[in-house]
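*Asks:* Just dropping this structure here.
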Amino acid sequence: MKLQLGDVVLLRMEFHQTAGPAIVLLDTGDDDFVAAPVTSRPRLAGYDLALQEWKAAGLNGLPSFEFTN
């Protein structure tokens with residue numbers, strides 16, 4: 001499956017019991033890709049981003065933030 005920059009995927013993160021959304025940053029064309037986790041909990045660190053079009057991306061609930069730190 002070829003992923004595109006900005007696609008929203010569900011990932012099971014290490015040390016978590018459930019899957020959570022992540023935004024695809026890079027698909028290397030093989031079985032690997034790079035993604036940043038998304039959450040509704042603000043954590044305003046240096047490189048974290050508030051998502052502008054979170055509803056259009058299919059993220060439910062509250063405004064969402066991407067953790068890139």
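The values are calculated or read from the model by the stated rules, or taken from the named source; none is laboratory data. Remember, it's a predicted structure, so these values are computed and weren't measured experimentally. In this analysis, Cβ positions are derived from the backbone assuming ideal geometry, glycine residues included, and neighbour counts consider all displayed protein chains. In case anyone asks, the SASA skips ligands and DNA or RNA and just uses the protein heavy atoms, side chains included. Shrake-Rupley method; radii C 1.70, N 1.55, O 1.52, S 1.80 Å.
*Asks:* Counting only the backbone N, which residues of segment 8-27 are under 17 Å from the spot 7 Å out from the Cα of D48 toward its beta-carbon?
*Replies:* Answer for this model: 21-23.
*Asks:* Just the number, please: carbon plus sulfur as a percent of the accessible area of segment 1-52, 1.4 Å probe, no ligands or DNA/RNA counted.
*Replies:* Exposed carbon and sulfur together represent 55 percent of the surface.
*Asks:* Which peptide among 2-8, 22-28 comes first, and what is the full order, when sorted by highest mean count of other Cβ atoms within 10 Å?
*Replies:* Highest mean packing first, the order is 22-28, 2-8.
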